[in-house]
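Structure first, then comments.
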Amino acid sequence: MIKRLKQRISKHTRLSSLITRSIFITLATLALIVLVQSYQFNRQVISQEIDRSLQQTSSLVQAIFSFRLNAIEIQQDSYSRSDVLVRALDQSSSAIDNFFTSADQMAPALSPDFRFITKRKSLHWDDSNYQFYGIPVAR
């Protein structure tokens, strides 16, 4: 009788340990699947965010660049209508230098990298800054 009881207990113990192990393996497998799916999802989300950030940065840089060019274009258009500059063109190049120096002091942020003035398809005046950018002297 004791032997039978031990066999019964042994069968129950083996059955309970088998059930416990199978539940543990099932839960571990599910946890691993969830972990892998979460990694894949996060990787996709991060990739999308990087692409979105790059697009926004590119658009921002393009907008800043366009704004700067538009501001310089408007400023150059207003300079071309300036009576002081028109009179300076008939005087010496130092009068033109003085005009642009005073203009740069009023709005230094809008100062272009280099300036030149053409008259009848030939170079009339330049500020010599073009040489810094490697533009050859062609007169």
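The values are calculated or read from the model by the stated rules, or taken from the named source; none is laboratory data. Bear in mind that the values here come from a model prediction, so they are computed numbers and not experimental data. Ligands, DNA and RNA are stripped out before the accessible areas are found, and what is left, the full protein with its side chains, is counted by its heavy atoms. Shrake-Rupley method; radii C 1.70, N 1.55, O 1.52, S 1.80 Å.
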Of the listed values (1) 1.36; (2) 2.74; (3) 0.98, identify the label whose number matches Cα Rg over 2.2 N^0.38 Å calculated from this model. (2)
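At 222 nm, what value in deg cm²/dmol follows for the chain if DSSP H runs of at least 4 each add -39500 (n - 2.57) and the sum is divided by all its residues, to the nearest 500?
The helix-only estimate for the chain comes to -26500 deg cm²/dmol at 222 nm.
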Tally up the carbon and sulfur contribution to the accessible surface of the stretch 64-139 as a whole percent, 1.4 Å probe, everything protein left in place. 57 percent
What angle do you read, to the nearest 10 degrees and between 0 and 90, between the alpha-carbon axis of helix 93-106 and the longest principal axis of the chain? 40 degrees
Under 8 Å for C-alpha pairs, at least 6 residues apart: give me the relative contact order for the stretch 44-139, rounded to a whole percent. 16 percent
